[in-house]
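Below: one structure, written as structure tokens.
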Amino acid sequence: QVQVVESGGGSVQAGGSLRLSCATSGSIFGISVMGWYRQAPGKQRESVAWISSNGITNYAGSVKGRFTISRDTAKNTIDLQMNSLKPEDTAVYYCNVRKGSTSYWGQGTQVTVSS
């Protein structure tokens, strides 16, 4: 089992920045892809960004150029630096960790961007 815990959410005005962190514990050996998803009210959960164990990254088009995902492979932690935030970025952000064929999720952290 892998435990996943997010931190760093909060409220910010449009144009501001926030940094989310995701820590893992438990059976973390063999973790491959780690990433961030978000779910806004009334919408489906969507992928925001992910990073592989060898540093390959992928971003949703809506956040490309504004968000940066980074990873400490030794610690199996990831961060999401979010700049130039927009009201449409408001959502609960979830950290996702993949190990083999299993996905582990954190409890989510709220990000609210006001105009």
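The values are calculated or read from the model by the stated rules, or taken from the named source; none is laboratory data. Note that this is a predicted model, so its numbers are computed, not measured. When we count neighbours, we look across all protein chains shown, and the Cβ atoms used for this are built from the backbone with ideal geometry, even at glycine. Note: accessible area is taken over every heavy atom of the protein model, side chains too, but ligands, DNA and RNA are not part of it. Shrake-Rupley method; radii C 1.70, N 1.55, O 1.52, S 1.80 Å.
How high is the relative contact order of the stretch 1-66? Use alpha-carbon pairs under 8 Å, at least six apart in sequence, and give a whole percent.
Averaging sequence separation for qualifying contacts and normalising by length gives 22 percent for the stretch 1-66.
Hey, what's the chain come to in accessible area per residue, 1.4 Å probe, Å²?
Spelled out: the 1.4 Å probe surface of the chain, per residue, equals 51 Å².
Rounded to the nearest percent, how much of the accessible area of the stretch 1-84 (1.4 Å probe, protein heavy atoms only) is carbon and sulfur?
Looking at the stretch 1-84 in its full context, I get 49 percent from C and S.
Just GLY26, GLY42, GLY100 to compare: in a GNM of the chain, with alpha carbon springs under 10 Å, which one fluctuates most?
Among GLY26, GLY42, GLY100, the largest mean-square fluctuation in the Gaussian network model of the chain belongs to GLY42.
I'd like to know which of VAL111, GLN39, VAL97 lies farthest towards the positive end of the charge dipole of the chain, counting +1 on Cβ of Lys and Arg and -1 on Cβ of Asp and Glu.
VAL97
Quick check: Cα centre of the stretch 38-61 to Cα centre of the stretch 79-103, how many Å?
Cα centroid to Cα centroid, the span is 6 Å.
How many nm separate the modelled label positions at GLN13 and THR68, each set 7 Å beyond the Cα in the direction of the Cβ?
In this crude label model, GLN13 to THR68 measures out at 2.4 nm.
Label points 7 Å out from Cα along the Cβ direction at ALA60 and SER84: separation in nm?
Placing both labels 7 Å beyond Cα along the Cβ direction yields 1.7 nm.
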